[in-house]
Amino acid sequence: MRIDKIYTRGGDDGTTGLVGGKRLPKDCARIESYGTVDELQAVLGVLRAALAEPPERREAAERYVAVIHRIQNDLFDLGSALATPPELSHRVRRPITAEDVRVLEETMDGWLPALPPLRSFVLSGGGRLSSLAQVARTVCRRCERETLRLSREEQVPAEILRYLNRLSDLLFVLGRELARAFGEEEPLWETPLAPKP
């Protein structure tokens, strides 16, 4: 793939092109869905960069950086599929598959045994890395909602919705795993005690 020019002026009228050349308004459901996937990919890039920042942490962070990098590549494939009209689905270079979902599940399964059991919901803010993972999780949930909205209007491969649902679970677990691995706090939601009668 070669990208020689960044601006084309084609979107100055508020439309953008899909794979195959069809143009749609930039705020339609299809563009919102893959635009939010692009946002998630960028948020994960911030987390990946934060993991690699202090040189003394790089070695310990390598396995998490590798997982995030793989997910970022998956998200580009997923976004490309969403940018392709259903009638041109044969042109999708690498569709999201059940194997991609399985890899997410196996990654989570590898982290879970080392994590303490939860007794409440986790609040973001215990540390920078875990908080960035939780921000990514909430953006992923928005990706899922936008893609579900699109699926009510047009055909969306079922594996895309499965992948996004599983990815948000993985990002929650990743936040907990990063807190454990790098000594961040894990603040929990504490419901107030009921007043005595």
key: Kirkwood Rh and Cα Rg combined as Rg/Rh, segment 31-154   = 1.00
request  = Jot down the radius of gyration and Dmax of segment 128-170, Cα atoms only, both in angstrom.
outcome  = 11.6, 38
key: Scattering curve values for segment 86-197, log₁₀ I(q)/I(0), Debye with Cα scatterers, q = 0.12, 0.22, 0.23 Å⁻¹   = -0.55, -1.18, -1.24
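Coordinate-derived values only; no laboratory data. These figures come from a predicted structure and were not determined experimentally.
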